[in-house]
Amino acid sequence: MENIIKEKTFNFALRIVKLYKYLQDKLEYVLSKQLLRSGTSIGAMVREAEHAESKQDFVHKMAIAQKEANDTDYWLELLYKSDFLTEAMCKSIIEDFHEIQKIISSIILTTKTKLKANIKMKEQVTLSQLYHFLNSPFTIHHSPLVFVPLV
């Protein structure tokens, strides 16, 4: 199964590296270095998220990728407004960038929604167990709940 966001962020990082080289030829060193760092970090964080330790860790790593994407947007706009990039150059890379940004946002939202649904389901099972316990004859060996009398 192919991983679209992994592929798109890698290809985007390649475009950023090429843009960095172009900007170096134009003797722009500071902004291009910032763009290189943030633009390539998006894909790196997506790769890290693939091996997250939990769903919460996955969301956290994808959120960092989203923050790096926001930084990249800033540096691209600044390079365009300071006349280092033409409108055509900027438009092409921004289109790819916005697509990546939408996918990352969707992944985060979907994962958070699933996490909340899992928590609600666990709460319902717990409440269901409590209801069953309170409405059934008291037997310790049949109930997963422990009865502690109040003194």
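The values are calculated or read from the model by the stated rules, or taken from the named source; none is laboratory data. Bear in mind that the values here come from a model prediction, so they are computed numbers and not experimental data. All Cβ positions, glycine included, derive from the backbone under ideal geometry; neighbour counts span all protein chains shown.
Would you check if there is a residue in the range 130-146 being farther than 30 Å from residue 20 by Cα, under 37 Å from the mean Cα position of the chain (by Cα) and at pLDDT below 90?
Start the filter on the range 130-146 by keeping residues that are farther than 30 Å from residue 20 by Cα, which leaves 130-146.
Within this subset, residues satisfying the condition of being under 37 Å from the mean Cα position of the chain (by Cα) are 130.
This time we only want the ones that are at pLDDT below 90, so: 130.
Yes: the range 130-146 contains one or more residues that are farther than 30 Å from residue 20 by Cα, under 37 Å from the mean Cα position of the chain (by Cα) and at pLDDT below 90.
Does the range 85-105 include one or more residues that are without any contact (Cβ under 8 Å) to a residue 60 or more places away in the chain, of a type in the set (D, E, K, R), in contact with an Asp or Glu (Cβ under 8 Å, 6 or more places away or on another chain) and part of a helix (DSSP H, G or I)?
no
Looking only at the range 17-61, filter to residues that are closer than 11 Å to residue 75 by Cβ and touching a Leu at 6+ places or on another chain (Cβ under 6 Å); which one of those is surrounded by the most Cβ atoms within 10 Å (Cβ to Cβ)?
32
Taking residue 19 as the residue in question, decide whether it is in a helix (DSSP H, G or I), in contact with a helix residue (DSSP H, G or I) (Cβ under 9 Å, 6 or more places away or on another chain), hydrophobic (A, V, I, L, M, F, W, C) and farther than 29 Å from residue 59 by Cβ. Walk me through it before giving the result.
Working: in a helix (DSSP H, G or I): yes; in contact with a helix residue (DSSP H, G or I) (Cβ under 9 Å, 6 or more places away or on another chain): yes; hydrophobic (A, V, I, L, M, F, W, C): yes; farther than 29 Å from residue 59 by Cβ: yes.
So residue 19 fits the description; yes.
Restricting attention to the range 74-114, which residues are exposed (fewer than 14 other Cβ atoms within 10 Å of the Cβ) and of a type in the set (Lys, Arg)?
Matches in the range 74-114: 81, 91, 102, 114.
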